[in-house]
Amino acid sequence: MTLFPALKDADILVTGHTGFTGGWVCFALRQFGARIHGLALPPATTPSLFHLANVEALLTSHTLFDIADHRTVIEHVTALKPQAILHLAAQPLVLPSYDDPLGTFQTNVMGTVNILEAARRTESVKGVVTITTDKVYANKGRHNHFNETDRIGGHDPYSASKAAAEMAIDGYRLSLPSWHRDMVIDTARGGNIIGGGDWSTNRLIPDYARALSSNTPLLIRNPQATRPWQHVLCLVHGYLVLLNRLLSGETQKSAEPYGEAWNFGPAPSDCVSVDSILDKIGQSWRRANLEMVPSAVHEARTLEIDATKAKQRLGWQPKIGIDEAILLTAEWYKTHEHEPERLGALTERQTESYFSQLS
Ligand SMILES: NC(=O)c1ccc[n+]([C@@H]2O[C@H](COP(=O)([O-])OP(=O)(O)OC[C@H]3O[C@@H](n4cnc5c(N)ncnc54)[C@H](O)[C@@H]3O)[C@@H](O)[C@H]2O)c1
């Protein structure tokens, strides 16, 4: 018996498939027999997981355009007629959001609205899983262990854009009965994702990889900051649970038939400081030279999310703790240094190995 039977032969539109999480999602969806239709911009970095692991070979279709263009989004989705949409595409970084708040809001808010509008107009779509973040919670620094009922806010343009996307999602979800539209809209809020194939700037692991390969110091802004670190496959696992649930009709029979918000976070013991992560990476990979620099922008000192609801109601829980997550990540980047031609096979093996622990 397969873990996610409703994914088999389902046509799933994945936005953001050229990025870090999107690439891993494609490996997992293929493993469960889905037909994947990718929609994104071209990979933003060189190197990229998309090219290194040959993600394109996993796809049934691969389309590149800007999700802020509502006409093209609606035309594309209504013609494609997918059964479900996993919406990952975003400007996902805090620091660039200070430089380009307009572009960040356009992609993250209006891009999401465009996807929801296209889904609403496409009868084949049974549901959308939209990926937001742990940073959607209004974090005043007093209380920092958030569950799904906590207030939404956002201290920087990225966080605010994701919080605003959540408001738009709520508006669409609550309007579905008025539109006589049977559709599910779930949101998934995850923590700080680590894993092989992330090449974004101003993220700890890719910055670490670049510091090692260029033999330059790694600039650390906030060593004591505590974050909910998770391996990318733990999040992908949560997304597949939601997709399988809505495709099988299980969500529609639940107390929230139009969908709801879900936290996917690590065990509290895996919410550790940047310092501690650096120490673990140093042990399983190589030590980088660290240079402490002051942070120029606001950063919450502590952030934790409570995943009790996903554990109790979805039966989801992360199968990889922080130590194994670091080992898998180090294995991936070491392979990139020495045998980059093996990265497709390695990404596939790490994915299979994660999901084999669930069956
Ligand atoms: N990586 C993390 O630590 C983390 C944590 C919490 C939430 N998230 C969320 O997960 C999702 C994926 O993040 P990631 O780290 O994989 O990001 P990424 O930067 O690696 O990938 C982003 C993807 O979105 C696409 N995209 C960006 N702007 C677009 C546009 N205007 N039109 C079409 N496509 C566009 C890119 O082409 C790419 O495929 C995002 O929604 C992000 O906010 C990430």
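The values are calculated or read from the model by the stated rules, or taken from the named source; none is laboratory data. Bear in mind that the values here come from a model prediction, so they are computed numbers and not experimental data. Here Cβ is always computed from backbone atoms with ideal geometry, including for glycine, and neighbour counts include all displayed protein chains.
If a residue counts only when it is surrounded by 22 or more Cβ atoms within 10 Å (Cβ to Cβ), which strands (runs of 3 or more DSSP E) contained entirely in the range 1-66 have at least 1 such residues? Show your work before the answer.
Working: elements: 11-15, 35-40, 61-64.
In the range 1-66, 11-15, 35-40 are the strands (runs of 3 or more DSSP E) which contain 1 or more residues that are surrounded by 22 or more Cβ atoms within 10 Å (Cβ to Cβ).
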Item to check | Only one of 104, 72 that is more than 25 Å from residue 268 (Cα to Cα), within 15 Å of the ligand (Cβ to nearest atom) and free of Cβ contacts under 8 Å to residues at least 12 places away in the same chain | outcome: 72
Item to check | Residues (more than 7 Å from the ligand (Cβ to nearest atom), among the hydrophobic types (A, V, I, L, M, F, W, C) and under 18 Å from the mean Cα position of the chain (by Cα)) located in the range 3-45 | outcome: 12, 13, 14, 24, 25, 26, 27, 28, 29, 36
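Take the residues of the range 122-154 that are within 17 Å of residue 183 (Cβ to Cβ) and β-branched (Val, Ile, Thr): which is nearest to the chain's Cα centre (by Cα)?
To start, the set of residues in the range 122-154 that are within 17 Å of residue 183 (Cβ to Cβ) comprises 122-130.
Add one more test, that the residue is β-branched (Val, Ile, Thr), and what stays is 122, 125, 128-130.
Working: 122: 24, 125: 21, 128: 14, 129: 11, 130: 9 Å.
So, considering only residues that are within 17 Å of residue 183 (Cβ to Cβ) and β-branched (Val, Ile, Thr), the one nearest to the chain's Cα centre (by Cα) is 130.
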Checklist entry - Out of all the residues in the range 80-87, is one or more surrounded by 17 or more Cβ atoms within 10 Å (Cβ to Cβ), modelled with pLDDT of 95 or more, within 8 Å of the ligand (Cβ to nearest atom) and of a type outside the set (A, V, I, L, M, F, W, C)? => result yes
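For residues that are of a type outside the set (Gly, Ala, Ser) and crowded, with 24+ Cβ neighbours inside 10 Å, scanning just the range 103-113, find the one that is farthest from residue 83 (Cα to Cα). I'd like the intermediate steps shown before the answer.
First, pick out the residues of the range 103-113 that are of a type outside the set (Gly, Ala, Ser): 104-110, 112-113.
Okay, now just the ones that are also crowded, with 24+ Cβ neighbours inside 10 Å, so 104, 108, 112.
Details: 104: 28, 108: 22, 112: 17 Å.
Result: 104.
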Next on the checklist: So for the range 283-301 (the condition being at pLDDT below 95, within 26 Å of residue 352 (Cβ to Cβ) and buried (at least 19 other Cβ atoms within 10 Å of the Cβ)), does at least one residue qualify?
Outcome noted: yes
Next on the checklist: Among the residues in the range 287-302, are any free of Cβ contacts under 8 Å to residues at least 40 places away in the same chain and over 29 Å from residue 189 (Cβ atoms)?
Outcome noted: yes
Checklist entry - What residue, among those in the range 198-213 that are near the ligand (Cβ under 10 Å from one of its atoms) and assigned to a helix (DSSP H, G or I), is nearest to residue 325 (Cα to Cα)? => result 205
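Would you point out which residue out of 27, 50 is aromatic (Phe, Trp, Tyr) and under 19 Å from residue 91 (Cβ atoms)?
Numbers: 27 fails: under 19 Å from residue 91 (Cβ atoms).
Just a single option satisfies the conditions, and that option is 50.
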Checklist entry - Which condition number in (1) crowded, with 19+ Cβ neighbours inside 10 Å; (2) near the ligand (Cβ under 10 Å from one of its atoms) is the one that residue 231 fails? => result (2)
Item to check | Complete set of residues in the range 115-136 that are within 12 Å of the ligand (Cβ to nearest atom) and in contact with a Lys or Arg (Cβ under 9 Å, 6 or more places away or on another chain) | outcome: 131, 132, 133, 134, 135, 136
Next on the checklist: Here's a check for you: in the range 234-274, which residue that is over 17 Å from residue 34 (Cα atoms) and of a type in the set (D, E, K, R) is surrounded by the fewest Cβ atoms within 10 Å (Cβ to Cβ)?
Outcome noted: 253
